[in-house]
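The values are calculated or read from the model by the stated rules, or taken from the named source; none is laboratory data. Being a predicted model, the structure only gives us computed values, none of them experimental. Reconstructed Cβ throughout: ideal geometry from the backbone, glycine too, with neighbour counts over all protein chains shown.
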Number of protein chains: 2
Amino acid sequence: MKEKDIDMTKIKEDLLGEDIIFEVSNLYKVFSDETRLKILNALLLSELCVYDISSLLEMSHSSISHQLKILRDMRLVKTKKKGKSVYYSLKDDHIQKIIKIGVEHVCEK
Amino acid sequence: MKEKDIDMTKIKEDLLGEDIIFEVSNLYKVFSDETRLKILNALLLSELCVYDISSLLEMSHSSISHQLKILRDMRLVKTKKKGKSVYYSLKDDHIQKIIKIGVEHVCEK
DNA sequence: ATTATGTATGAATACTTGTTCACATATAAT
DNA sequence: ATTATATGTGAACAAGTATTCATACATAAT
C-alpha cells in the first residue's frame, strides 16, 4: 500500500451536493457584478430609494431598478414604501460579511 | 431640518473605491461558476491533479484545465509537479470562509 | 381628471463567459 | 527516438447577462 494515496471515494462522498453548489454559485453571481456590489455597498451605509442610488452611482434609474429586482428576487434586500418612493435596505447580515471578506482578500496582496 | 434626512454626501464619501469594487467583483466571479465551485470544494478536501478532478466531477480535462487557469490567475490555487502530474491545492483560507458563508446563507431559508 | 414624479419591466443590443474541439507541450517509459 | 500519458491553450460556438430604450404603472399634487 503506497503512502501518499488519495481516497477518491471518500472525497466524492464529502463533496457538497449539486443543488447546494448551484445555489451558492447563484448567490455569488449577485456579488460578481460591479453595479450590484455598489448598490449593496451603499445599502450597507443607509436605506435608500431608487432615485438616491441612481444619483449616488450616476447611473440610470432603469439600470438600477433592474439590478434591484435581481437583489429582490434573491431576497438580499427588502423594500418599504414611503409616498412615491420605495426605500431599499439589506435583508440580512451575511451580505456585510461577504463584502467584508472580499475586501479583505483583495487588499491582502 | 427634517429628521429622517439622509446625508448623501457622507455616504458617497464612505463608499468603497471603484478599484476595490472591481477586484471584489472579479473575486466573486470566480465563485459564481458551478464548475469552479466544485473544483474549490474538492481542493478543500485534498490536493488533486487535473486527472483526479476531471474524473471526480465527470468532466473533460480541457474544461477543468481552463477553469484551473482562471483559479491560478486569480491566485486562489497553487501547483506542485509530481512526475507527469500537476497537483493543485488551495492557496489561502479565505476560500474556505467564502464557501462556508455561501453554504450557510443558502441553507438558512 | 390631469399632470408630474418615482419606480418597474419587456424587448433589443452589445458584451461576456463556459465548454468543446483540435492541437501543442511536457514528462516518463519502452 | 518513439509512444503513451498528463496537462495547457487558442479558436469557435453557444449560452447567459447588463444596459439602454420605450413604455407602463403607481402615487401625490394640482
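Miscellaneous remarks
- Residue selected from the range A:25-50 under the condition out of contact with any helix residue (DSSP H, G or I) (no Cβ under 7 Å at 6 or more places or on another chain) and not basic (Lys, Arg), by the criterion farthest from B:Met8 (Cα to Cα): A:Asn26
- Pairs meeting the criteria (first residue in the range A:25-48 and more than 17 Å from B:Ile98 (Cβ to Cβ) and modelled with pLDDT of 95 or more, second residue more than 11 Å from DNA strand C (Cβ to nearest atom) and among the polar types (S, T, N, Q), beta carbons under 7 Å, at least 6 apart or on different chains) are A:Leu43/A:Ser89; A:Leu44/A:Gln96; A:Glu47/A:Ser89.
- Whichever residue in the range A:1-49 is of a type in the set (Lys, Arg) and within 15 Å of the chain's Cα centre (by Cα) and, among such residues, is nearest to B:Val30 (Cα to Cα): A:Lys29
- The single condition among (1) facing another protein chain (nearest Cβ under 8 Å); (2) touching a Leu at 6+ places or on another chain (Cβ under 6 Å); (3) not small (Gly, Ala, Ser) that B:Leu43 does not meet is (1).
- Screening B:Ile20 against (1) away from DNA strand C (no atom under 13 Å from the Cβ); (2) at positive phi leaves a single unmet condition, (2).
- Number of positions in the range B:18-40 that are under 30 Å from A:Glu58 (Cα atoms) and more than 7 Å from chain A (Cβ to nearest Cβ): 4
- Verdict on A:Asp52 being within 25 Å of B:Ile39 (Cβ to Cβ), in a helix (DSSP H, G or I) and either over 17 Å from the mean Cα position of the chain (by Cα) or near DNA strand C (Cβ under 8 Å from one of its atoms) (or both): no
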